[in-house]
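**Student:** If you scroll down you'll find the structure; I have some questions about it.
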Amino acid sequence: MEKHPIPHTDLSVSRLCAGCMGLGGGWEAGVELTPELEKQAREFLDAALELGINFFDHANLYARGRAEAVFGRALRGQPDLRAKIVLQSKCGIRWADDPPGTPQRYDFSAEHILASVDGTLRRLGTEYLDILLLHRPDALWQGEEIARAFDSLKQAGKVRYFGVSNQNRFQMEYLQSFLKEPLVANQLQMSLLYHGFAEAGISFNQDSAGYPDGWEGVLEYCRLKGVDLQAWSPLDRGALTGGDLRKRPESARKTAALVKNLAQARGLPAEAVALAWLLKHPAGIVPVLGTTRPDRLRACVRALEVNLSREEWYSLFEAARGRAMP
Ligand SMILES: NC(=O)c1ccc[n+]([C@@H]2O[C@H](COP(=O)([O-])OP(=O)(O)OC[C@H]3O[C@@H](n4cnc5c(N)ncnc54)[C@H](OP(=O)(O)O)[C@@H]3O)[C@@H](O)[C@H]2O)c1
């Protein structure tokens, strides 16, 4: 699979990233890592590697740490593999009862960041993370404190590069002003049905602007600074690829039908067209796939065979926004 260098790093990653949130048996507490869950992680890892994916996305909290733990067990069976893959994880959201008796909270304190990375490295069975992302902004964050934690992790060789997730342009600029090294990634929810990033690109100085706050200039800032853009939930949890559309608006149903038609005309699965819509964007958005199933991974990779025309791209966008272009 085509790889691209992440600016400001020596990392070269596949055009698609494999998200690991679905591993480890869900969000409930007290679930044991069974042989079935280990098998699922091994098959997921093997399928991704076979398809040419070398980029894996984790977070300390996925399946309460079990996603990292079960992935770590799969890695242990292949000791040469670590150097050939790019491992990314996140911190900054504490589950309830971590530490015991505390509620769920956002936490960008140095104490949390350092302890979280130690836990992630232990569970993954690796000495270093390639990229650490701050998961979701903490209202009480302080740039100086985060910079100290990042320095300490870098000097200890525990984390090579740093990035963010779910941050707007001003949050990135604020954080960057304290850091010695450039932020290398921002992971955001972006998809055909969650298309605020695309709306923001066309809505300035228009009466009909309509997109969630915060998108202004995010893509442009990242493109200008060489920050890799990653899209979480790129398939809207399966809504456009055969999943349940009953609670979705009419526009989503029409978009799913158009995705299906464009895919059928090419003899490809719907996943290929839905992801191709993100890949077509010149910002170089990297979809972070959420499926744990090898067959769906294979369907997703077929997106790399699709080059949507401008007209197809805009038709999908217009269907998804549910109204004509302004
Ligand atoms: N930074 C953040 O705040 C953040 C937030 C959420 C996620 N993420 C990352 O982004 C990755 C992707 O997110 P996501 O899981 O929401 O992505 P997604 O690709 O939009 O959705 C994947 C989910 O939808 C299911 N699915 C796919 N096709 C389906 C279909 N036809 N019918 C029914 N279900 C279907 C999958 O189940 P199967 O496994 O059964 O295929 C999986 O649970 C995660 O793994 C994680 O790494 C980051």
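What follows is calculated from the coordinates using simple rules that are stated; it is not laboratory data. Nothing here was measured: the structure is a model prediction, and the numbers come from that model. Here the Cβ is made from the backbone with ideal geometry for all residues, glycine too, and neighbour counts use every protein chain on show.
**Student:** Per-residue HN-Hα couplings for the range 107-113, Karplus 6.51 cos²θ - 1.76 cosθ + 1.60 at θ = phi - 60°, whole Hz, x for Gly and Pro?
**Tutor:** Karplus-based 3J(HN,Hα) across the range 107-113 equals 7, 9, 5, 4, 4, 5, 4 Hz.
**Student:** Sticking with this one: For the range 1-139, give me the percentage of DSSP beta bridges that are antiparallel, rounded to the nearest 5 percent.
**Tutor:** So the antiparallel bridges amount to about 35 percent of the total.
**Student:** Classify the range 116-176: rounded, prolate or oblate, from the alpha-carbon gyration tensor (a ≥ b ≥ c, eigenvalue square roots; a/c under 1.5 rounded; otherwise prolate if a/b is larger than b/c)?
**Tutor:** Since a/c reaches 1.5 and a/b is larger than b/c, the shape of the range 116-176 is classed as prolate.
**Student:** Can you give the helix-only mean residue ellipticity at 222 nm for the chain, where every DSSP H stretch with n ≥ 4 adds -39500 (n - 2.57) and the sum goes over all residues, rounded to the nearest 500 deg cm²/dmol?
**Tutor:** When only DSSP H runs of four or more count, the value is -11500 deg cm²/dmol.
**Student:** Something else now. Which distance in Å, rounded to a whole number, links the C-alpha centroids of the range 41-56 and the range 251-313?
**Tutor:** One Cα centre to the other: 19 Å.
**Student:** Same structure again: Using the per-residue mean of other Cβ atoms lying within 10 Å as a proxy for protection, in what order, highest first, do the peptides 58-65, 115-122 fall?
**Tutor:** Result, highest mean Cβ count within 10 Å first: 58-65, 115-122.
**Student:** Between the range 170-244 and the range 103-133, what is the C-alpha centre distance in whole Å?
**Tutor:** Distance between centres, Cα-based: 24 Å.
**Student:** Using mean Cβ contacts within 10 Å as the protection proxy, how do 313-319, 255-261 order, highest first?
**Tutor:** 255-261, 313-319
**Student:** When the chain is fully extended, how far beyond the present Cα-Cα distance does Glu111 get from Ala265, taking 0.36 nm per residue of separation?
**Tutor:** 50.1 nm
**Student:** Another question, if that's okay. Could you run the Karplus curve 6.51 cos²θ - 1.76 cosθ + 1.60 with θ = phi - 60° over the range 3-13 and give me ³J(HN,Hα) per residue in whole Hz, x for Gly and Pro?
**Tutor:** For the range 3-13, the Karplus curve yields 10, 9, x, 7, x, 6, 9, 9, 8, 10, 10 Hz.
**Student:** Does the range 114-245 classify as rounded, prolate or oblate by the C-alpha gyration tensor (a ≥ b ≥ c root eigenvalues; a/c under 1.5 gives rounded; else a/b over b/c gives prolate, otherwise oblate)?
**Tutor:** Because a/c hits 1.5 or more and a/b fails to exceed b/c, the range 114-245 counts as oblate.
**Student:** Show me 289-298, 139-148 ranked by packing, highest mean number of other Cβ atoms within 10 Å first.
**Tutor:** Per-residue mean Cβ counts within 10 Å order the peptides as 289-298, 139-148.
**Student:** Quick one: Karplus J couplings for the range 303-317, per residue in order, coefficients 6.51, -1.76, 1.60, θ = phi - 60°, nearest Hz, x for Gly and Pro?
**Tutor:** Each residue's phi maps through the Karplus curve to give 4, 6, 8, 9, 10, 5, 6, 3, 5, 5, 4, 5, 5, 5, 4 Hz.
**Student:** Compute the distribution of all C-alpha to C-alpha distances in the chain, in bins of 10 Å from 0, and list the percent of pairs in each, rounded to whole numbers.
**Tutor:** 6, 26, 34, 25, 9, 1
**Student:** Quick query: amide H of Tyr161 versus all other amide H atoms, modeled in the peptide plane; which residues come in under 5 Å with a sequence gap of 5 or more or a different chain?
**Tutor:** Close amide H contacts, sequence-distant or interchain: Ile131, Leu132.
**Student:** Taking square-rooted eigenvalues a ≥ b ≥ c of the alpha carbon gyration tensor, is the range 1-134 rounded, prolate or oblate, where a/c under 1.5 means rounded and, failing that, a/b exceeding b/c means prolate?
**Tutor:** Oblate, because a/c is 1.5 or more while a/b does not exceed b/c.
**Student:** What percent antiparallel are the DSSP beta bridges of the chain, to the nearest 5?
**Tutor:** Percent antiparallel among DSSP bridges in the chain is about 15.
**Student:** Okay, moving on. Pick out, in residue order, every one of the chymotrypsin sites (Phe, Trp or Tyr not before Pro) in the range 193-267 that is DSSP loop and has at most 11 other C-beta atoms within 10 Å; say none if there are none.
**Tutor:** Phe204
**Student:** List the residues whose amide H sits under 5 Å from the amide H of Val286, counting only those 5 or more places along or on another chain, with H placed 1.01 Å from N in the peptide plane.
**Tutor:** Leu229, Gln230, Ala231
**Student:** In nm, give the distance between the simple-model label positions of Ala257 and Gln78, each being 7 Å from the Cα along the Cα-to-Cβ direction.
**Tutor:** It is 4.2 nm.
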